[in-house]
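Trainee: Quick one: the structure is below, questions incoming.
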Amino acid sequence: MSNSSQSIEITTNFINGHHSNGQTKTMDVLCPVDGSVLSKVVLSTKDDLNKAVKSAQDAFPAWSALTLKERVGVFYKFRNLLEKNIDELTEIVHLENGKIRSEARAEVLKGIELTEFACSLPQMINDEIQEVSKGVECRTTHMPVGIVASITPFNFPTMVPLWTIPNALALGNCMIVKPSEQTPISALKIAELFKEAGLPDGVLNIVNGDKDIVEAICDHPVIEAVSFVGSTRVAKIVYQRATSNLKRCVALGGAKNHLIVLPDAHVDMTATNVAASMSGCAGQRCMAASAMVAVGQVDHIVERICQEARKIKVGENLGSVISKEAKERIEKYITEAEAEGAKVLVDGRNVSLPGKEGGFYVGTTVLDYVRPEMSIAKEEVFGPVLSIMRTSDIDEAIKIENSSNYGNASSVFTQNGSMANYVMDNVSAGMVGVNIGVPVPREPFSFGGWNESRFGVNDITGKSSISFWTKLKKRTTKWNPEAWTNWMS
């Protein structure tokens, strides 16, 4: 890794415990903070993937034969290495993703929490055992799936890989990780730390690349399961391609999260939560509040939200977006909405950061009187933009939420408990909240939305991930030859 004042290094693959340049073809990794070339990343071929899969196959028998408690011993060491290296990991996320350093650090801390959950798996998984007939015993055992893959996005280059790696590996699988080609450095550092923690070579492999390597993962006959996090458009393609090749797959897509604000909502709490939700991580997260449905007379709350939004400044408490193309796309959404009649209350277009004019920045933007049929109201903007829609009726607000193709998250802001429960019961979203801008469940609860925000069953985090990363073996035994005989024996 380098910055603009250092020599450029190659972000390699990591196969069988070693760095691997793979083929000679590379692409630039840009630093969104200032637009400089941060690194060059290897663009892998099918041959590179085959080498990684062969490495995983060779490692699988010995790794899966260990007990769960033996395997998680590595993760205790890895967790401590994350803590020891938190400053370096934070800086990597800041430079390759553009998050401000406090957000980057929070992402690494979440990775530590995810690793701690994996360390708890021996206390969570207990074989089910029962004497089902006199002298006949049945039990279930969680067995690893085999060789699995995780395809991760740019917006959380440390956290999302750690959604999948610790649980999948602790449960006995061997894994291929394909990080975003825009943010490949964090995943490589994670692999290096796992090796330092004592993870056997071949258990975890990093294969960099673009669309071609994603397709190769979906098609590879040895890979048994694929997880994906990214846009809904690509999630659909990955899910269809992987399952058509008879793999299990869970693919998390995009979102259009609605915050429903009622007149009795606590003004300061609502304003700070909504502003933080729409602008955190520059709005580049599937849990961002990109739409607000204002029910009744809430102008006083909208005014306070705008005040909070104006306090959020690029380079101070707002990071960059990932690319020039992302900046242009986000600003185009704002301009089109304004042309269609939306009122721009806070305008984040055409901002730059002094001294880092080459960076990719969009300021916080608040649009009022957005109509549900506008593109900005329906599509995932993935930037620090809040679209406010108006309605006088709670059922109409719920109807607006439920008309979305997505179903990741929704929150309601109110001091009325029965109204809060009514909203949570009736919105079509997998994660719901009350008076919270980002209703992300914490471990051991699983992350996952509904509708076109997720394809497949189970989750890749939390308790329900156990069902995705394992397969059940059912054992029936009889040792007493004098036991009463029936149809079971």
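Read-outs: derived from the displayed coordinates by stated rules, not from any lab. Predicted model only: the values in this text are computed from it and were never measured. In this analysis, Cβ positions are derived from the backbone assuming ideal geometry, glycine residues included, and neighbour counts consider all displayed protein chains.
Trainee: How many percent of Cα pairs in the stretch 149-267 exceed 23 Å? Don't jump to the answer; show the numbers that get you there.
Mentor: On the way: 2349 of 7021 pairs.
Counting pairs separated by more than 23 Å, the tail of P(r) holds 33 percent.
Trainee: Same structure, new question: Restricting to bridges with both residues inside the chain, how much of the DSSP beta-bridge set is antiparallel, in percent to the nearest 5? Walk me through the numbers on the way to the answer.
Mentor: Working: 29 of 70 bridges.
That works out to approximately 40 percent antiparallel.
Trainee: How large is log10 of I(q)/I(0) for the stretch 323-386 at q = 0.15, 0.27 Å⁻¹ when the intensity is taken from the Debye formula with one equal scatterer per alpha-carbon?
Mentor: So the normalised log intensities are -0.43, -1.19.
Trainee: Report the FRET efficiency, 1/(1 + (r/R0)^6), for Asp28 and Lys84, where r is their Cβ-Cβ distance and R0 is 30 Å, rounded to 0.05.
Mentor: Numbers: r = 31 Å, r/R0 = 1.02.
Efficiency, from the Cβ-Cβ distance: 0.45.
Trainee: Please list 174-183, 462-471 highest first by mean number of surrounding beta-carbon atoms within 10 Å per residue. Mind showing how you got there, number by number?
Mentor: On the way: 174-183: 25.2, 462-471: 20.0.
Order by mean packing, descending: 174-183, 462-471.
Trainee: Another one. For the stretch 439-482, what value does the Rg/Rh ratio take when both radii are computed over Cα atoms and Rh is the Kirkwood radius, given to two decimals?
Mentor: Checking Rg against Rh, the ratio lands at 1.32.
Trainee: Next up: Set the bar at 31 Å for Cα to Cα. Now go through Lys25/Lys324; Lys25/Lys54; Lys84/Lys471; Lys110/Lys211; Lys211/Lys474 and name every pair that lies beyond it. Before the final figure, lay out the partial values.
Mentor: Details: Lys25/Lys324 23 Å; Lys25/Lys54 22 Å; Lys84/Lys471 35 Å; Lys110/Lys211 28 Å; Lys211/Lys474 39 Å.
Correct reply: Lys84/Lys471; Lys211/Lys474.
Trainee: Tell me the mean residue ellipticity at 222 nm calculated for the chain from its helices only (DSSP H runs of n ≥ 4, each -39500 (n - 2.57), averaged over every residue, nearest 500). Walk me through the numbers before you get to the answer.
Mentor: Values: 16 runs with 188 residues, N = 489.
After summing the helix terms and dividing by residue count, I get -12000 deg cm²/dmol.
Trainee: Which length gain, in nm to one decimal place, applies between Asn402 and Thr67 when the Cα-Cα distance is subtracted from 0.36 nm times their residue separation?
Mentor: Working: separation 335, 0.36 × 335 = 120.60 nm, distance 4.52 nm.
Extra length available between Asn402 and Thr67 comes to 116.1 nm.
Trainee: Rank Ser387, Met431, Gly363 by how far each Cα sits towards the positive end of the charge dipole of the stretch 257-434 (+1 on Lys, Arg Cβ; -1 on Asp, Glu Cβ) and give me just the farthest.
Mentor: Gly363
Trainee: Shifting gears a bit: By how many degrees, 0 to 90 and rounded to 10, does the Cα axis of helix 68-84 deviate from the longest principal axis of the chain?
Mentor: Here the helix axis deviates by roughly 40 degrees.
Trainee: Let me ask something additional. For the Cα atoms of the chain, what angle does the longest principal axis make with the long axis of helix 185-197, in degrees from 0 to 90, nearest 10?
Mentor: The two axes meet at around 30 degrees.
Trainee: What is the stretch 231-342's relative contact order, in percent, from Cα pairs under 8 angstrom and six or more apart in sequence? Each step should come with its number before you reach the end.
Mentor: Values: 102 pairs, mean separation 26.4, N = 112.
For the stretch 231-342, the relative contact order is 24 percent.
Trainee: If you don't mind, there's one more thing I want to ask. So what's the convex hull volume per residue for the Cα atoms of the stretch 257-434, in Å³? It would help to have the intermediate numbers written out before the result.
Mentor: Details: hull volume 17.1 nm³, N = 178.
Output value, Cα hull per residue: 96 Å³.
Trainee: Can I ask one more? What percent does the relative contact order of the stretch 257-434 come to when contacts are Cα pairs within less than 8 Å and at least six residues apart? Don't skip to the answer; put the middle values down first.
Mentor: Working: 347 pairs, mean separation 52.0, N = 178.
Result for the stretch 257-434 is 29 percent.
Trainee: Just the number, please: Stokes-Einstein D of the stretch 29-75 in µm²/s, Kirkwood Rh from C-alpha pairs, 37 °C, 0.692 mPa s. Don't skip to the answer; put the middle values down first.
Mentor: Values: Rh = 14.1 Å.
It diffuses with D of about 233 µm²/s by this estimate.
Trainee: Further question: Would you mind calculating the relative contact order of the chain from Cα pairs under 8 angstrom and at least 6 residues apart, reporting the percent as a whole number? Intermediate results must be reported in sequence, preceding the final value.
Mentor: On the way: 1137 pairs, mean separation 84.9, N = 489.
Reported relative contact order: 17 percent.
Trainee: Viscosity 0.692 mPa s, temperature 37 °C: what is the translational diffusion coefficient of the stretch 264-340 from Stokes-Einstein with a Kirkwood Rh over Cα pairs, rounded to a whole number of µm²/s?
Mentor: 239 µm²/s
Trainee: Determine the principal axes of the Cα atoms in the chain, then give the extent along each, sorted from largest to smallest and rounded to whole angstroms.
Mentor: Reported extents, whole Å, longest axis first: 80, 61, 40.
Trainee: Give me the mean projected area, in nm² to one decimal, of the convex hull enclosing the Cα positions of the stretch 249-290.
Mentor: Working: hull surface 14.3 nm².
In nm², the orientation-averaged hull projection of the stretch 249-290 is 3.6.
Trainee: For the stretch 356-489, place one equal point scatterer on every Cα, skip the solvent, and apply the Debye formula. What is log10 of I(q)/I(0) at q = 0.10, 0.13, 0.15, 0.22 Å⁻¹?
Mentor: Taking Cα atoms of the stretch 356-489 as identical point scatterers yields -0.52, -0.73, -0.90, -1.39.
Trainee: At Val267 and Val457, where each label point lies 7 Å from the Cα along Cα→Cβ, what is the point-to-point distance in nanometres?
Mentor: Using points 7 Å along Cα→Cβ, the separation is 5.0 nm.
Trainee: Mind putting a number on the dipole of the stretch 257-434 about its Cα centre? Charges go on the C-beta only, +1 for Lys and Arg and -1 for Asp and Glu, and I need it in Debye to the nearest 20.
Mentor: Here the size comes out at about 540 debye.
Trainee: Given that compact globular proteins tend to follow 2.2 N^0.38 Å, what is the ratio of the alpha-carbon Rg of the stretch 219-328 to that value?
Mentor: Details: Rg = 19.0 Å, N = 110, 2.2 N^0.38 = 13.1 Å.
Normalised Cα radius of gyration, the stretch 219-328: 1.45.
Trainee: Something else now. Order the peptides 45-51, 377-383 from the highest to the lowest mean number of other Cβ atoms within 10 Å of their residues.
Mentor: Ranked from most to least packed, the peptides come out as 377-383, 45-51.
Trainee: Let me ask something else. For an R0 of 35 angstrom, estimate the FRET efficiency from the Cβ-Cβ distance between Glu373 and Ser352 and round to the nearest 0.05. The partial results should precede the final answer.
Mentor: Working: r = 33 Å, r/R0 = 0.94.
Calculated value: 0.60.
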